[in-house]
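For reference, the structure is listed below as structure tokens.
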Amino acid sequence: MIPNSYRKRQRVPHRHTSATRLSSTATVVNSFSDKTVSESSQKLHRTSSAASTITTSPNAVTSSFNDPYTADVLLRLFVDRSPFDSDAPSDSSRQSDIQIYLHSAVIRRAKYFAAILSDCWQHRTNADAKSNNGAEGSRSNDNNNNLVHLNLAVVDDPNSISIHLTVLQLLYTSDFATVIDSASTALEILPVALELLFEDCVKSCLRFLEAVPWSEEEEKRVLSLIPFLREEESKELLARLSPGKEDSCEEMLHGLILAAIHNHPNMAFVKAFVAKLLRDFSSRESARRVLERAFETSLKVVKESLEEYTSPDFRGDHNETEAIQRLNLHTAMTNGRHLLWLVERMIELRVADSAVVEWSEQASFTADLQRAFRDDAWRNIVPGLPAVVLRCTCKLANAVAAGTILAARQVRMKLVKDWLPVLLVCKDNVSPMLPSHKPLHLELEETFLRIISTLPMSDAQVLLQQCLSFSTRNVEDCPHLITAFNTWFRRATRPPQLENLD
């Protein structure tokens, strides 16, 4: 019987056999078909003739694969068909029962054969080896062929015979690279090598698989073989297949976002690619957490830069102070662009709820923006900064007004209350300089008025009075403002509904 230490190797599903089944795959037989593998072995051109021979000792004759003149083992390799398949038509184009001449000194490299042969020598004096339970082979009484006869059954698969022949040939060589030249080949050979406990071949297959790329189908086959490998053998493959920690996906996405918005020279292309990854990612909650984390970081940088710009330290040299002020504005501008991209991604994925709440709680930030935009210094340094800030506000406000983000009443009120003054300052200080900003201002005006229409009458009354600056020289040019006031007055003149309920 095969020693217990080998049994981990016996559970490979390639032939769907148990340990008991394996111990019976080489039972004694008295006669075989006359067919041999002479013609089959010639087809295995992946192993050179020089690599298919092995010398067992310095004084021994060189042993060649399937050499009937020097062999001391005759292996019958046959397809083990299920009784339920007995009536199924056979494929005459492929061999299902062949004989191979082997050498015991060579095939002992596979511990499976070593165990079988050891058991066979122990019982070779037994005249009737068939009656000996667990016997794996016998020595023939044929004077012309004093051979040990072995049986090896394989599953009924089109490639089973050829794969087993390949592995048997590899017993005769140490040059596995000529045969194991692709991931698919390694995955075909590995299950047979595991069953035969052919350790050198197993190591060679694993070394090749660890070093080359796999297709998706090949990756599935690798995963199916992992349970039959020892821990030290599967370690490298598992490192490639399994993350080291649970939040590795989120860490990866966060790293990609940071690389896209901070470090990559082709920023636009990389941002588009990362945006696609975020859209296609299976877990929206993970994408939410990653984007919220990046949003909070960028917002913090913008806020700190504006705070330092609006509250400078004049104790140093004037030129140094001016340089610091320029740096603060450039930092705010750069991170403001990052913030806009993050807001767009969050709205696209419908995960901007927290961003809206955060944006509505920026009383000090909006105060700093108003102070900064009333000063003319920013115009020649970062003329696009107001537009970037207003676009972030407009994107979030539009999502709220459209119902894409369902914000609470207090959040909607604070969003308009804190950001409406920034819009008004930008209109007064930016429009004469950059007329292209007018459509943005108009869009944000309309959006704020739509949000105001969702608030209680008392809140809407206060906020609408601050919107008078939306009016234009020609009254007919501000229909959005006219509609907002008409809506409020229509509601105000309606009889109280609570009294009607009584």
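The values are calculated or read from the model by the stated rules, or taken from the named source; none is laboratory data. All figures in this text were calculated on a predicted structure; none of them were measured in a lab. Using ideal geometry, Cβ is built from the backbone for each residue, glycine included, and neighbour counts are taken over all protein chains shown. Surface areas here come from the heavy atoms of the whole protein model, side chains and all, with no ligands, DNA or RNA. Shrake-Rupley method; radii C 1.70, N 1.55, O 1.52, S 1.80 Å.
Of the peptides 297-303, 420-426, the ranking by mean beta-carbon count within 10 Å, highest at the top, reads 420-426, 297-303. In plain terms, the chain from Ala408 to Asp376 could stretch by 7.8 nm, reckoned as 0.36 nm per residue minus the Cα-Cα distance.
Surface exposure of the stretch 248-452, expressed per residue as accessible area with a 1.4 Å probe, stands at 48 Å². Placing a label point 7 Å from the Cα of Leu223 along the Cα-to-Cβ direction, the residues of the stretch 264-293 whose backbone N falls under 20 Å of that point are 280-284. Take Ile452: with every protein chain present and a 1.4 Å probe, its accessible area is about 0 Å². In a fully extended conformation the segment linking Asn263 and Lys235 would gain 6.7 nm over its present Cα-Cα distance, using 0.36 nm per residue.
Database remark: amide H of Val154 closer than 5 angstrom to the amide H of Phe78, Val79, Asp80 (H placed geometrically; neighbours at sequence offset of 5 or more, or on other chains; Pro and chain starts carry no H).
Among His164, His330, the order of accessible area from largest down is His330, His164, computed with a 1.4 Å probe on protein heavy atoms. Sorting Ser458, Ser184, Ser104 by accessible area puts them as Ser458, Ser184, Ser104; the probe is 1.4 Å, largest comes first, and only protein heavy atoms count.
A straight line joining the Cα centroids of the stretch 406-428 and the stretch 362-379 runs 15 Å.
Using a ≥ b ≥ c from the Cα gyration tensor of the stretch 340-485 (square roots of the eigenvalues), is it rounded, prolate or oblate, where a/c under 1.5 gives rounded and otherwise the larger of a/b and b/c decides, a/b for prolate? Walk me through the intermediate numbers first.
Working: a/c = 1.59, a/b = 1.10, b/c = 1.44.
Here the stretch 340-485 falls in the oblate category.
Residue separation of Arg207 and Glu344 scaled by 0.36 nm, minus their Cα-Cα distance, works out to 44.8 nm of gained length.
Stokes-Einstein diffusion of the stretch 248-452 at 25 °C, 0.890 mPa s viscosity, Kirkwood radius from Cα pairs, rounded to a whole number: 138 µm²/s. With all protein chains in place and a 1.4 Å probe, the accessible surface of the stretch 248-452 carries 53 percent carbon and sulfur.
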